[in-house]
Amino acid sequence: MTTSTSRAVPSRHRSAAGTRRRKPVRRGRLALAISLSLLLLAAAGAGWVYLKLDSDIKTFDAGGLSDNRPAEGSSKGENVLVIGSDARNDGNAALGGGDVNDIGRSDTAFLLHVYADHKNAVAVSIPRDTLVTIPPCKLPNGKWTTAQPHTMFNAAYSVGETATGNPACTQNTVESITGLRVDHTVVVDFKGFAALTDVVGGVDVCLPQNVYERDLSPKRPTRGKLLFDKGEQKVSGQKALDYVRIRHGLGDGSDIGRIKRQQAFVASLLKEIKSNGLSPTKLLPLADAATKSLTVDPGLGSADKLISFAMTLKNIDLHNTKFVTIPWRYEGARVAIVEPDASDLWAALKADRTLDGKDASGKKKTTPSARPAATPVSVSGKGITVTVYNGTTVTGLAAKAAAELTADGFTVAGTATANSQDHTTTVVQYGPGHKSEAQTAARAFPGAAIQPVTAAGVNVVVGQSYKPGATAAPPSAQVPKDVSEGARSADDNPCSNLTYG
């Protein structure tokens, strides 16, 4: 009886009992609701972060890019132009000194070629003092400049004399020099650079000797305080910025020596980033620091695009990340590009050949002895007038070359026989103010050299190496020995190969 009574439930308590029985169900629903809410909040938080990063990124006007660019697909891999801005605006004067109202300047630039296999990369530094022809560039008022021959490379960034600089003009100049299409351009200012080094916890660098304040600011009457001790050390923020800006008092005090130290610094920075792991979680703090001081082309103008591009680099081993300087020689106090070495370097990058000559196109070979197919060179000669000379004993070679140039849009003023017919390679001669046009014409003749002359205009002297219809870079394109042997790998000791002279 007791048992039966204990099982009985008075009618007035049934509702309460029923409620108690349903509580576990409500708890389950509540837990599910909380979980969904947290997920939504997390997603909203991530979205907010991306929106914040997007709002920090600045883009430059793509309307300033040249209409006479290398064709898309001229290189199998991707080419990214990285520019270090010395602009003093937007809070940068406190880090770099100088006049806050000064015009935008750049003393650092390199072209990063990411090979198509995404396992190799090479950064080619272009010295600020390199004498080049700056092609027509867009001014702030919408007008375009005329070409500026025999001008220092870093002057391109200052065209228009604005505080923010002219990255489109620098991109135009690099494309004109290399014949490679630049896929993306990234400008990093003082603040962004310093912030990046802080986020990774500092970067390992090395100094070949003690460095004092006068080494950074040569106009000082005394050598000042000690900034860096000789040897290996970790730097970040202002100290990191000082390290990469030092030029005087080390080696021969040239920009070439500074480039070597900058390459060593970027290599060490990559080591730190790679050691932290290239995942979106790890990249977000880096992106937050960088985007506040980045100016990029519209193709990288969002956090999603920027991080996605960074993720494509995660499989590139440090040893396979190389740093070189464009083939150069001194021309007085300035730097001149050495040909045909520079053209050989660009041809190797176009063919996705590494510095040691390996195929990094990412394509599988059909047979062990198969050679990669030649890639046609697309050249636009619109607006360029040339005269073609036959520098060989082969009859009709000038006429055939003229026909191919005409098909590429060049205007051929005439053909003739050269003064000598013993030319082994094709030479493109150019008069004052016509170097840029000569470089474009030379791209139509793989392996051609360019040569300054006193006469006006552009002349193409066809050599024995010219084969009608063979408008392709040789698949065995090799990097000049001086360039490959002088390369730095990202995993090299930070104290090696630091100065020039």
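The values are calculated or read from the model by the stated rules, or taken from the named source; none is laboratory data. Here the structure is a predicted model, which is why all the values come from computation and not from measurement. For neighbour counting, all protein chains shown are included, and Cβ atoms are generated from backbone atoms with ideal geometry for every residue, glycine included. SASA here: full protein model, heavy atoms, side chains in, ligands and nucleic acids out. Shrake-Rupley method; radii C 1.70, N 1.55, O 1.52, S 1.80 Å.
Scanning the stretch 85-110 for residues that are more than 23 Å from residue 144 (Cβ to Cβ), at pLDDT 80 or above and crowded, with 23+ Cβ neighbours inside 10 Å yields a total of 2.
Residues being outside any loop (DSSP other than H, G, I, E, B), more than 25 Å from residue 357 (Cα to Cα) and not polar (S, T, N, Q): count how many of those fall in the stretch 117-145.
5
Considering only the stretch 382-394, I want to know if a residue exists there that is hydrophobic (A, V, I, L, M, F, W, C), at pLDDT 90 or above and in a strand (DSSP E or B). Checking the stretch 382-394: at least one residue is hydrophobic (A, V, I, L, M, F, W, C), at pLDDT 90 or above and in a strand (DSSP E or B).
Restricting the stretch 232-247 to residues that are under 26 Å from the mean Cα position of the chain (by Cα) and not in a helix (DSSP H, G or I), the residue that is surrounded by the fewest Cβ atoms within 10 Å (Cβ to Cβ) is 234. Considering the conditions (1) closer than 28 Å to residue 498 by Cβ; (2) open to solvent by less than 40 Å² (accessible area, probe 1.4 Å); (3) of a type outside the set (D, E, K, R); (4) part of a helix (DSSP H, G or I), residue 347 is excluded by exactly one of them, (1).
Within the stretch 462-477, is even one residue over 25 Å from the mean Cα position of the chain (by Cα), crowded, with 23+ Cβ neighbours inside 10 Å and more than 20 Å from residue 356 (Cα to Cα)?
Taking every residue of the stretch 462-477 in turn, at least one turns out to be over 25 Å from the mean Cα position of the chain (by Cα), crowded, with 23+ Cβ neighbours inside 10 Å and more than 20 Å from residue 356 (Cα to Cα).
Scanning the stretch 152-176 for residues that are touching a helix residue (DSSP H, G or I) at 6+ places or on another chain (Cβ under 9 Å) and outside any helix (DSSP H, G or I) yields 159, 160, 165, 166.
For (1) in contact with a Cys (Cβ under 8 Å, 6 or more places away or on another chain); (2) closer than 21 Å to residue 149 by Cα; (3) not basic (Lys, Arg), each residue gets a yes or a no:
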site: 325; (1), (2), (3): no, no, yes
site: 332; (1), (2), (3): no, yes, yes
site: 336; (1), (2), (3): no, yes, yes
site: 349; (1), (2), (3): no, no, yes
site: 355; (1), (2), (3): no, no, yes
site: 360; (1), (2), (3): no, no, yes
site: 363; (1), (2), (3): no, no, no
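Screening the stretch 189-207 for residues that are open to solvent by less than 30 Å² (accessible area, probe 1.4 Å) and out of contact with any helix residue (DSSP H, G or I) (no Cβ under 6 Å at 6 or more places or on another chain) and picking the one that is nearest to residue 291 (Cα to Cα) gives 189. The criterion of being touching a residue at least 40 places away in the same chain (Cβ under 8 Å) and closer than 21 Å to residue 489 by Cα does not hold for residue 337. The number of residues in the stretch 208-237 being in contact with a helix residue (DSSP H, G or I) (Cβ under 6 Å, 6 or more places away or on another chain) and touching a residue at least 40 places away in the same chain (Cβ under 8 Å) comes to 2.
In the stretch 429-440, of all residues being within 20 Å of residue 414 (Cβ to Cβ) and in contact (Cβ under 8 Å) with a residue 60 or more places away in the chain, the one that is most open to solvent (accessible area, probe 1.4 Å) corresponds to 434.
Only residues that are farther than 16 Å from residue 404 by Cβ, of a type in the set (D, E, K, R) and out of contact with any Pro (no Cβ under 8 Å at 6 or more places or on another chain) were counted across the stretch 431-473, and they come to 1.
Residues checked against (1) aromatic (Phe, Trp, Tyr); (2) closer than 22 Å to residue 71 by Cβ; (3) open to solvent by 50 Å² or more (accessible area, probe 1.4 Å):
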site	(1), (2), (3)
394	no, no, yes
401	no, yes, no
418	no, no, no
421	no, no, yes
442	no, yes, no
454	no, no, yes
458	no, yes, no
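When every residue of the stretch 223-231 is checked against the conditions, none turns out to be buried (at least 17 other Cβ atoms within 10 Å of the Cβ), out of contact with any Leu (no Cβ under 8 Å at 6 or more places or on another chain) and not hydrophobic (A, V, I, L, M, F, W, C).
Exactly one residue out of 274, 292 is at pLDDT below 85, basic (Lys, Arg), over 29 Å from residue 216 (Cα atoms) and in contact with a helix residue (DSSP H, G or I) (Cβ under 8 Å, 6 or more places away or on another chain): that is 274. Among the residues of the stretch 112-146, just one is among the aliphatic types (A, V, I, L, M) and open to solvent by 40 Å² or more (accessible area, probe 1.4 Å), namely 139.
In the stretch 255-271, the condition of being touching a helix residue (DSSP H, G or I) at 6+ places or on another chain (Cβ under 8 Å) and over 17 Å from residue 324 (Cα atoms) is met by at least one residue. Against the definition (modelled with pLDDT of 90 or more and outside any strand (DSSP E or B)), how does residue 440 come out, yes or no? Here the answer is no, as residue 440 does not meet what is asked.
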